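Input: a single structure, listed below in structure tokens.
FYI, it's all coordinate maths here, none of it is from the lab. Note that this is a predicted model, so its numbers are computed, not measured. No Cβ is skipped: glycine too gets one built from the backbone with ideal geometry, and neighbour counts run over all protein chains shown.
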Ligand code: OGA
Ligand code: MN
């Protein structure tokens, strides 16, 4: 055996070697992966297989996982650079890379106001699109989930673009859409953006049709964190964006994820939009998820 073989087998032995099972979740995108324990360090081959599945399916679901926070940070790091949450919360002291998505207050009690502090999640969006360099991917690990499951819906914006008429695609290809944290707050009816928030995230134009850096496929890049199409009359822009949103989120193209505790879902913000449902008793039931985010690149 050559020394390179020895090295290869040593590196495999260092991680948890698996045989992945990949089941599509819909005809369009999404897959459930089983046969892997994300609580353990993974072998190179498993990481490569998961990366390939992620490129092909854009959203991956892993069920029945025991993932302590350190393991979530390790797993996320296999795919790139972790991004620190902008607002560090009271859970984030030991693991600053992990942000919690939750309706629990600082004493750990359910409070509707806590869940409603960020109502932007209840509208179709792609995470952090109001940033100059928006995050590539987000991962949510379900720790506590209300009895209803409280779904999160996802759509593919590759599919949305690819199912437009050719003339429409051509009309959209060179447009730029202005993303804006301030406008996002207005769109979701929440408190106005603060001066400090505006300084961190001033309005920023991104291509309305972006090309995925790993696949070269084009996707619509839009959602609730936006104001208007550059150089277009405000009313005309609103009508066009509403029409595209209706097209992208038709019921028959939505994958609605019904959460169970110990689910991990990772999704690609560059070619999907998502939207949280409000349907649960936020004042009495507990919901807690651990969120990690991977840095992206400037959309082109
Ligand atoms: C998010 C998000 C939806 C949910 O964490 O980015 O949109 O259902 N979450 O919690
Ligand atoms: Mn989100």
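How long is the gain from residue 171 to residue 40 if the chain were fully straight, where each residue apart is worth 0.36 nm and the alpha carbon distance is subtracted?
Roughly 42.4 nm would be gained on extension.
What does the extension gain come out to for residue 235 and residue 48, with contour length at 0.36 nm per residue minus their alpha carbon separation?
62.7 nm
Grab the Cα-Cα distance for residue 279 and residue 246, subtract it from 0.36 nm times how many residues apart they are, and report the gain in nm with one decimal.
Taking 0.36 nm per residue and subtracting the Cα distance, the gain is 9.7 nm.
Taking the Kirkwood radius as the inverse of the mean 1/r across Cα pairs, report the Rg/Rh of the chain.
Reported Rg/Rh (Cα atoms, Kirkwood Rh): 0.98.
How do 28, 50 rank when sorted from fewest to most other Cβ atoms within 10 Å of their own Cβ?
Result, fewest neighbours first: 28, 50.
Quick check: the angle from helix 234-248's long axis to the longest principal axis of the chain, C-alpha only, nearest 10 degrees?
40
Explain nothing, just the number: relative contact order of the chain, from Cα pairs under 8 Å at least 6 residues apart, as a whole percent.
30
Using a simple spin-label model with points 7 Å from Cα along the Cα→Cβ vector, what separation in nm is obtained for residue 118 and residue 81?
2.1
Over the chain, what is the percentage of antiparallel beta bridges among all DSSP beta bridges, to the nearest 5?
Percentage antiparallel, nearest 5: 95.
Can you tell me the 0 to 90 degree angle between the C-alpha axis of helix 44-57 and the longest principal axis of the chain, rounded to 10?
It is inclined by approximately 30 degrees.
Going out from 0 in 5 Å bins, what whole percent of all Cα-Cα distances in segment 143-275 drops into each bin?
Distribution as computed: 2, 10, 16, 20, 18, 16, 11, 5, 2, 0 percent.
Treating the angle as unsigned and between 0 and 90°, give the value, to the nearest 10°, between the Cα long axis of helix 3-14 and the longest Cα principal axis of the chain.
Roughly 70 degrees between the two axes.
If you rank 278, 292 by fewest surrounding Cβ atoms within 10 Å, what's the result?
Ordered by Cβ neighbours within 10 Å, fewest first: 278, 292.
Would you calculate the separation in nanometres between label points at residue 262 and residue 100, each defined as 7 Å from the Cα along the Cα-to-beta-carbon direction?
In this crude spin-label approximation the distance works out to 2.1 nm.
In Å, what Rg and Dmax follow from the Cα atoms of segment 260-300?
Considering segment 260-300 through its Cα atoms, Rg and Dmax are 14.1, 44 Å.
Using the 10 angstrom Cβ neighbour count as an exposure proxy, how do 197, 83, 236 rank, fewest first?
236, 197, 83
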